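For reference, the structure is listed below as C-alpha cells.
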Amino acid sequence: MSSNQVITQLSVLSLPKVTEGKVRDLYTVDENTLLFVTTDRISAYDVVMRNGVPDKGALLTQQSAHWFRILAEKVPGLKTHFLTTDVPAAVRADEAEIIRHRSMQVRKLRVFPLEAIVRGYVTGSAWKEYKAHGTVHGTPLPPGLRECDAVPGGPIYTPSTKAPLGQHDENISKERAAEIVGEKYAKRIEDLALRVFRAGQEHALERGIIIADTKFEFALDEETDDVVLVDEVLTSDSSRMWPKDKYEPGRDQESFDKQFLRNWLTENGLKGKAGVEVPEDVLRATSDRYKEVFRRLTGKTLEETLQG
Ligand code: ATP
Ligand code: MG
C-alpha cells in the first residue's frame with residue numbers, strides 16, 4: 001500500500017521536474033513521456049489551500065485512469081495521453097512507495113492553451129450570467145430557466161483562456177479560440193469536447209451521477225496531427241457532479257465536488273485568499289464526497305481499486 005499520509009509537497013528526486021501546477025507536479029520520464037504526480041493539494045477560486053484533502057491524489061489519478069479507459073471505448077477514434085499508472089522503473093524504491101497510486105505516465109504533447117469547458121446545466125458562473133443578461137457565454141438562452149436546469153438543446157461549448165498561475169481564466173468567443181489554436185484545430189477541439197462530455201454524462205447518469213459541467217484540455221500530437229485528450233478527465237476537481245436522486249432545479253445542488261469547500265470559504269470571507277488553513281472536518285467532508293463519486297462511477301471503493 002502507498003502512504004496514507006496527506007501529502008501537499010513532495011519531490012521525486014530520481015526524475016527531472018518539469019513544472020509544478022496547483023495540484024500536480026510533472027516530471028520527465030523520457031523524451032516522449034511525462035510523469036504526473038497528483039498531490040493532495042486542493043485549489044478553489046484559483047488559489048491553493050495550505051492543507052490537503054485525504055486520499056485526493058490517489059482518487060483523482062485512479063478516477064482519471066478509469067475515465068481514459070471508458071472514454072476510449074465509448075468515443076470512437078478518441079486518442080488520449082494515458083499510458084499507465086505504473087511507476088517508472090527509474091524512480092527509486094523509497095520514492096516509488098510514496099507516489100504509487102497517485103501517479104500516472106502520460107505522453108508528452110503540446111497542450112493547446114485553451115480550457116475546453118462544456119456546460120450541460122445552467123449553474124455557477126453560467127447561472128449568474130443568465131440571471132443578469134439571459135445569456136450563457138454571450139449566447140441568449142430561452143427565458144424562464146431555473147438555476148441548475150439543463151441547457152435546452154444539450155451541452156454547450158464555452159472555451160476560456162488558460163491563465164498563468166496567479167491569474168484568472170477568461171471566457172473567450174469561439175472566434176478568439178480559433179485565433180489562439182488555429183481554425184482547423186478549434187473546430188476539432190469543440191467537436192471532441194462535446195462528444196467526450198456527452199459520453200461521460202451518459203456513463204455517469206447510469207450510475208446515478210449528473211455531470212453538470214467540466215473542463216477538458218487537449219493537445220496536439222505533432223507526428224500524427226491528432227487532437228488528443230490530456231490532463232485529468234471528469235474528476236471532482238475539473239467537473240461539477242451532482243447526485244441524480246437529489247437533483248432538483250430551482251436551487252443550488254448538493255454536489256460531489258469542491259462546492260462544499262467553496263461554500264465554507266465564501267461564508268468565512270476567505271474566497272480567493274491563498275494559503276488558507278481549512279478545518280479538518282471540511283477537508284474530511286470534501287474527501288468523503290470525492291470518495292463517494294469515485295465509488296459510484298467505478299463501482300469500487302478506492303481501497304478495492306488499489307488492491308487490484
Ligand atoms: P489547475 O488545473 O488547478 O488550473 P494547473 O493547470 O496550473 O492547475 P495542474 O493541473 O496541477 O496545473 O498540472 C497539470 C499541467 O500539465 C497543466 O498545465 C496541463 O496543461 C499540463 N498537461 C496536461 N497533460 C499534458 C501532456 N500530455 N503533456 C504536457 N503537459 C500536459
Ligand atoms: Mg489543471
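Computed quantities for the displayed model
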{"item": "Assigned charges on the beta-carbon of Lys, Arg, Asp, Glu; segment 1-130 dipole about Cα centre (debye)", "result": "320 debye"}
{"item": "Intensity falloff of segment 71-204 expressed as log10 I(q)/I(0), Debye formula with alpha-carbon point scatterers, at q = 0.10 Å⁻¹", "result": "-0.47"}
{"item": "Cross-link table K271/K291; K22/K273; K22/K271; K79/K187; K22/K74; K162/K215, entries beyond 19 Å C-alpha to C-alpha", "result": "K271/K291; K22/K74"}
{"item": "Segment 111-259 - accessible surface per residue (Å², probe 1.4 Å)", "result": "45 Å²"}
{"item": "Estimated dipole of the chain in Debye, rounded to 20 [Cβ of Lys and Arg +1, of Asp and Glu -1, Cα centre]", "result": "460 debye"}
{"item": "Furthest towards positive pole of dipole, Y157, F112, G124, structure part segment 69-171, Cβ charges", "result": "F112"}
{"item": "Computed helical MRE - 222 nm, the chain, DSSP H runs ≥ 4 contributing -39500 (n - 2.57), nearest 500", "result": "-10000 deg cm²/dmol"}
{"item": "Cα-Cα pairs of segment 209-261 separated by more than 14 Å (percent)", "result": "59 percent"}
{"item": "Viscosity 1.567 mPa s, 4 °C: Kirkwood-radius Stokes-Einstein D of the chain over Cα pairs, µm²/s", "result": "65 µm²/s"}
{"item": "Nitroxide proxy distance, nm - points 7 Å out along Cα→Cβ at R146 and E175", "result": "3.7 nm"}
{"item": "Given charges at beta-carbon only (K, R positive; D, E negative), |dipole| of segment 73-220 in Debye", "result": "260 debye"}
{"item": "Rounded percent of accessible protein surface that carbon and sulfur make up, segment 111-259, 1.4 Å probe", "result": "49 percent"}
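The values are calculated or read from the model by the stated rules, or taken from the named source; none is laboratory data. Predicted model only: the values in this text are computed from it and were never measured. With ideal geometry, Cβ positions are generated from the backbone for all residues, glycine too; neighbour counts draw on all protein chains shown. Remember, those area values only see protein heavy atoms, side chains included, never the ligands or the DNA or RNA. Shrake-Rupley method; radii C 1.70, N 1.55, O 1.52, S 1.80 Å.
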